[in-house]
Amino acid sequence: MEELWEHFNEIMKLSYIGALLSWDQQVNMPKGSVKGRAEQLVLIQNLIHSRIKSDKTSKLIKEAEKLHNLSEIDLAMIREAKREYDQAIKIPDELVSEIAKTSSLGHMEWEKAREKSDFSIFKPYLEKIIKLKIEFAEKLDTGPTLYSTLLDLYEPGSTYDWILKIFNGLKPKLVKIVNKLNSVSDKPNQSILKKHYDAEKQWQLSLDIIKKLNFDFNTGRQDKATHPFTTSLSSIDTRITTRIREDFLPDCLFSTIHECGHALYQMGFKEEIHDTLLAEGCSMGIHESQSRMWENVVGRSKEFWTYWYPIFQKVFPENLKNYPMEEFYRSINIVQPSFIRVDADEVTYGLHIILRFELEKMIIEDQLQASELPEIWNAKMEELLGIIPPNDALGVLQDVHWSGGGFGYFPSYSLGNLYAAQIYKQALKESPNMPQDYEKGEFSNLLNYLKENVHQYGKIYRAPELIQKITGEDLEPEYFIKYVEDKYYPIYGI
Ligand code: ZN
């Protein structure tokens with residue numbers, strides 16, 4: 001067992017080195033240096049891959065499986081090691097490199113296609129990626145269906161049927177709420193957020209906020225990047241990034257809080273599992289639940305702004321001095337159907353995801369042709385959100401995921417909202433006064449709750465087990481619906 005831990009500890013070190021190379025590429029590296037860095041990253045990937053699929057891994061797992069009276073953590077470690085090994089041996093090296101090659105070409109062509117809003121540029125690459133990912137799912141074959149196999153990569157243990165049932169329950173309720181909010185005449189408006197906000201001041205505030213949220217600057221740092229992300233370079237080194245727009249205040253603010261939520265998770269694993277295969281989020285959905293809880297449930301709450309708004313007023317008096325907090329609170333909580341998923345509010349967001357989930361199932365299992373995608377995309381947008389994208393850049397071409405073969409990833413985003421609402425509800429049950437702490441700029445009670453119940457375990461439990469352990473129930477979307485109704489009806493005067 002010890003040898004197995006050690007073996008994978010070395011593999012983890014290699015992957016942290018890869019993460020550092022990639023972090024540097026996105027944060028510091030000059031644009032012209034891509035080629036050399038790409039080659040270094042491929043080398044690290046190959047080293048990791050060959051170690052995982054080595055005879056040594058197979059032997060160590062087999063030996064470990066013979067042992068009796070193993071701890072919960074040892075058993076989880078064997079489970080994860082096996083998962084890595086199985087995937088590495090089931091997928092031929094040629095397929096891995098074919099997917100990598102097509103993805104990187106596809107990514108370039110996708111960027112071009114999106115810029116020109118011309119789906120035909122991306123179509124041949126998308127067709128090829130789809131073919132390769134279907135082959136990948138057939139070879140991996142871990143789920144009851146091909147699409148389930150892909151979903152399981154991001155939400156271990158989940159299946160198409162399980163997610164379908166959740167989304168089918170969610171869909172009509174979300175549509176109803178969105179329509180109801182949309183029919184109100186006195187809607188909040190965002191114009192206050194679109195005034196000029198100095199970049200340097202935004203940056204400083206973002207640091208002040210995560211400091212208050214107990215982001216540990218001793219084992220982490222924030223930098224700027226085009227696309228905000230979180231990465232760990234070891235279990236005691238977590239990096240987050242943000243971006244700043246001077247003409248839209250929420251961009252930096254909420255990106256920072258979102259990534260901080262991911263980082264607090266990565267910073268909170270118990271020492272016993274540091275730098276091991278278990279030092280990761282339990283699933284992508286649970287990871288998103290942490291970022292979204294801090295970003296939306298806390299960061300867009302009235303209590304949060306009771307503390308922060310006077311500070312913001314002092315920093316940006318030219319815009320906010322005479323602007324009432326109540327109106328500001330409404331402006332950061334607008335719900336409206338929009339074309340772009342990443343800009344969507346937390347209520348319409350789920351509908352964007354359901355659209356992609358339904359399409360991916362058809363792409364992977366029902367022979368839906370790439371050429372049919374733009375039309376079906378628009379039809380579903382009309383059905384779910386009541387709007388039709390005027391061009392493909394605002395429609396089927398908007399997301400990067402498919403260009404890299406990331407089919408099956410989207411549902412995790414939405415599951416994150418659902419898990420967040422349910423876990424938060426439980427946290428409130430145990431400490432009902434938590435929101436009053438936020439008014440005083442005190443956020444450690446929530447963090448301690450999350451550390452105790454979610455963070456410390458890393459990947460020891462599967463998501464369905466974890467949510468049972470925390471709340472005594474399976475994932476229950478009603479908590480999210482209730483949260484949305486309780487929050488947004490008052491904002492919209494309903
Ligand atoms: Zn996230």
**Asked** Within the range 3-22, can one find any residue that is without any contact (Cβ under 8 Å) to a residue 60 or more places away in the chain, outside any helix (DSSP H, G or I) and within 28 Å of Arg243 (Cα to Cα)?
**Response** no
**Complete:** Apart from one, (1) closer than 27 Å to Leu428 by Cβ; (2) within 15 Å of the ligand (Cβ to nearest atom) all hold for Ser301; the odd one out is (2)
**Message:** Please determine whether any residue of the range 237-244 is of a type in the set (Lys, Arg), assigned by TED's automatic domain parsing to the domain that holds Leu264, surrounded by fewer than 18 Cβ atoms within 10 Å (Cβ to Cβ) and more than 18 Å from the chain's Cα centre (by Cα).
**Reply:** no
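Residues are listed down the side, and each one gets a yes or a no for (1) at pLDDT below 95; (2) touching a Cys at 6+ places or on another chain (Cβ under 9 Å); (3) aliphatic (A, V, I, L, M):
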| residue | (1), (2), (3) |
| --- | --- |
| Ile17 | no, no, yes |
| Asp24 | no, no, no |
| Lys31 | yes, no, no |
| Gln40 | yes, no, no |
**Extreme residue, farthest from the ligand (Cβ to nearest atom), among residues of the range 395-410 that are surrounded by fewer than 21 Cβ atoms within 10 Å (Cβ to Cβ) and part of a helix (DSSP H, G or I)** = Gly404
**Item:** Single condition Lys53 does not satisfy, out of (1) surrounded by fewer than 17 Cβ atoms within 10 Å (Cβ to Cβ); (2) farther than 30 Å from Met362 by Cβ
**Value:** (1)
**Asked** Does any residue of the range 420-442 turn out to be within 16 Å of the ligand (Cβ to nearest atom), in the same structural domain as Arg292 (by TED's automatic domain parsing) and in contact with a Gly (Cβ under 6 Å, 6 or more places away or on another chain)?
**Response** no
**Complete:** Scanning the range 221-263 residue by residue, those within 16 Å of the ligand (Cβ to nearest atom), within 19 Å of Gln456 (Cβ to Cβ) and outside any helix (DSSP H, G or I) turn out to be Thr230, Ser232, Thr238
**Fill in**
Reported set for the range 366-394 where residues are of a type outside the set (D, E, K, R), assigned to a loop (DSSP other than H, G, I, E, B) and within 22 Å of Lys133 (Cα to Cα) is Gln367, Leu368, Gln369
**Item:** Residue among Lys101, Lys116, Lys128, Lys123 that alone is at pLDDT below 95, out of contact with any Lys or Arg (no Cβ under 9 Å at 6 or more places or on another chain) and over 18 Å from Tyr409 (Cβ atoms)
**Value:** Lys101
**Test set (1) touching a Ser or Thr at 6+ places or on another chain (Cβ under 7 Å); (2) within 16 Å of the ligand (Cβ to nearest atom); (3) touching a residue at least 60 places away in the same chain (Cβ under 8 Å) - Asp275 fails condition number** = (2)
**Message:** Go through the range 459-475 and report how many residues are of a type in the set (D, E, K, R) and surrounded by fewer than 17 Cβ atoms within 10 Å (Cβ to Cβ).
**Reply:** 4
**Prompt:** If Val315 passes every condition in (1) out of contact with any Asp or Glu (no Cβ under 8 Å at 6 or more places or on another chain); (2) within 16 Å of the ligand (Cβ to nearest atom); (3) closer than 23 Å to Phe443 by Cβ but one, which one does it miss?
**Reply:** (2)
**Message:** Looking only at the range 61-90, how many residues end up being more than 25 Å from Ser283 (Cα to Cα) and either part of a helix (DSSP H, G or I) or among the hydrophobic types (A, V, I, L, M, F, W, C) (or both)?
**Reply:** 3
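Here's the yes/no breakdown for (1) among the polar types (S, T, N, Q); (2) farther than 19 Å from Phe357 by Cα:
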residue	(1), (2)
Thr102	yes, yes
His107	no, yes
Lys133	no, no
Ala137	no, no
Leu151	no, no
Ser158	yes, no
Gly169	no, no
Lys180	no, yes
**Asked** (1) surrounded by 13 or more Cβ atoms within 10 Å (Cβ to Cβ); (2) at pLDDT below 95: which one isn't true of Lys90, the others all being true?
**Response** (2)
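The values are calculated or read from the model by the stated rules, or taken from the named source; none is laboratory data. Keep in mind the model is a prediction, meaning the values are calculated, not measured. All Cβ positions, glycine included, derive from the backbone under ideal geometry; neighbour counts span all protein chains shown.
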